[in-house]
Amino acid sequence: MSSTRINDTLARMYAGLLDSKDPDPSELDALIEAIRAREVIIYGAGRSGRMLKSLFDGLNVPVSAFVDRQHAKIGQIDGMDVQRPGWLSLKDGRPEPLVVLGAGTMQLTELIEADITRLAPSLERANGVFLVYLLHYQSCKAKAEHGEYPPLKHCISYHVKPYKCPIFCRHVEELAEAELAEADASGDCGCDSACNATPQSTVEAGSTFNDVGYMLGEVCTLKCEHCHEGVPYLGSTERLPKETVLRDIRKLTEASRFLHRLDLVGGEPFSHPQIADIVRELVTVPKIGYIGVFTSGTSVPDAALCEALRHDRIIVTVSDYGHDNNLTDKQKDKIHRTIDMLAAHEVNFVVYPDRYWVDLNGYDKGDVPEARLEEHFSNCFMAACHRIYDGTLYHCPYQAGGIKMEKFEKRDVVDIHAHDLAGLVSELDKFENTKVIDACRYCNLPKGPTEVTAGRQLDRRHKVIRIHAETS
């Protein structure tokens with residue numbers, strides 16, 4: 001089976017999964033057999049590449065080599081030396097190798113594709129983003145049929161859109177419903193006396209909209225030059241009060257069938273003075289499943305916050321930017337202290353040392369074909385990061401930041417409080433079925449991603465008013 005046919009099959013099966021259609025088992029078996037017949041090389045020795053290796057091991061698919069730009073730092077994986085990208089040129093012209101692209105997003109896949117095209121253009125490749133999801137799904141499905149669900153950490157580790165997986169969705173629904181039923185039976189909702197935890201108004205058929213990240217504020221402990229939220233360039237000191245956060249999220253859940261994924265983001269969520277109270281009350285809101293809390297680790301949580309975060313449906317993600325950049329020793333020390341505090345209080349957390357970032361913070365309108373924009377939007381990792389801030393629902397952090405900075409018009413958003421419940425259901429359904437947004441015409445990603453240093457800090461003299469402003 002040629003790589004073109006392999007990738008066509010992968011793309012079709014992947015699209016089907018996102019639309020809740022199981023792949024044909026015989027076709028998937030044939031695909032795996034076709035890969036097993038080739039010499040398999042994994043380009044990408046990070047989290048996604050290692051997942052591919054583990055999945056291939058379980059399927060008796062031998063991996064002959066890993067390739068990565070940070071080969072010297074990584075060293076070895078399972079006793080194999082990680083090769084430099086230039087090593088691929090030695091394989092060029094041979095029909096046997098199949099290079100599986102071990103990237104977690106389509107944007108990183110494009111960067112790897114560019115490397116291979118430059119170094120070994122005739123080598124055949126397979127899309128690792130699609131393959132990881134397909135193989136993990138098959139494994140999880142087999143277990144779920146016997147009532148065994150994977151840990152939530154597992155679900156969020158291998159795909160940017162876990163909320164599209166029916167197994168994940170069923171699992172978090174059952175967790176939430178069992179927990180709330182137990183609270184109802186005990187008469188203890190778990191939040192403060194002023195929480196207004198009364199039954200919600202609902203609509204008979206809510207929207208299928210089921211994932212969002214709530215921006216708790218526009219204040220951060222870091223000043224990342226390529227911040228995907230654009231926070232250093234807003235010049236804002238605003239943090240939203242708990243009442244506003246809960247009002248917005250309750251309105252969304254009332255209009256949705258179920259909110260399977262709710263992320264709390266910033267700025268820096270751990271620096272919000274009411275973060276512990278917000279977390280304690282959110283777990284009592286009906287129709288909310290998994291809650292993710294994202295932190296850079298540079299605001300060390302106290303014991304009260306750690307206790308609030310210690311919950312079966314909450315996972316804290318520590319985005320460790322303390323590698324290969326200009327964070328201070330004090331900031332790096334705070335990251336370690338945060339990790340120690342979370343571990344000491346038995347909070348569910350993961351640490352992702354971000355190695356690859358891409359620059360999306362341009363605001364010049366590009367001349368990108370509409371078909372490219374639509375294809376990019378459907379697979380963009382940022383489009384999997386819906387954002388809501390003070391009643392306005394955005395498709396992604398880039399759109400939210402650009403609108404706030406008046407880089408482009410306020411379009412393709414939803415004012416959730418401008419509609420009654422039935423009207424909001426309709427607006428959310430339209431939002432879910434959007435093919436492309438105006439902000440994509442300005443974003444750097446459809447023009448072609450450019451890799452930048454993860455978490456690189458702006459000079460402290462930088463005037464944080466507008467994107468790429470002059471230093472003061």
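HN-Hα J couplings of the range 29-44 from phi, Karplus 6.51/-1.76/1.60, θ = phi - 60°, integer Hz, Gly and Pro as x?
After applying 6.51 cos²θ - 1.76 cosθ + 1.60, I find 4, 5, 5, 4, 5, 5, 6, 4, 7, 9, 7, 9, 10, 9, 9, x Hz.
Relative contact order for the range 227-310 using alpha-carbon pairs under 8 Å, separation at least 6, rounded to a whole percent?
34
How much accessible area per residue does the chain have, counting only protein heavy atoms and a probe of 1.4 Å, in square angstrom?
Heavy-atom accessible area per residue stands at 43 Å².
Grab the DSSP H runs of the chain that are 4 residues or longer, score each as -39,500 (n - 2.57), total them, divide by all residues and round the 222 nm result to the nearest 500 deg cm²/dmol.
-11500 deg cm²/dmol
Output the 0 to 90 degree angle, nearest 10, between the alpha-carbon long axis of helix 421-432 and the longest principal axis computed from the alpha carbons of the chain.
That works out to roughly 20 degrees.
How much of the accessible area of the chain, probe 1.4 Å, is carbon plus sulfur, in whole percent?
Heavy-atom surface of the chain belonging to carbon and sulfur, 1.4 Å probe: 48 percent.
If I take R0 = 35 Å and measure r between the Cβ atoms of ASP302 and ASP459 in this structure, what FRET efficiency does the formula 1/(1 + (r/R0)^6) give, to the nearest 0.05?
Working from the Cβ atoms, E equals 0.70.
With every protein chain in place, what's the accessible area of SER89 (1.4 Å probe, Å², nearest 10)?
60
Apply the Karplus curve 6.51 cos²θ - 1.76 cosθ + 1.60, θ = phi - 60°, to the phi angles in the range 121-135 and return the couplings in whole Hz, x for Gly and Pro.
In residue order, the calculated couplings are x, 8, 5, 7, 10, 10, 7, x, 4, 5, 5, 4, 5, 4, 5 Hz.
The values are calculated or read from the model by the stated rules, or taken from the named source; none is laboratory data. Since the model is a prediction, treat every value here as computed from it, not as a measurement. Cβ sites come from the backbone with ideal geometry, for glycine too, and all protein chains shown count toward neighbours. To get the accessible areas, we keep the full protein, side chains included, count just its heavy atoms, and leave off ligands, DNA and RNA. Shrake-Rupley method; radii C 1.70, N 1.55, O 1.52, S 1.80 Å.
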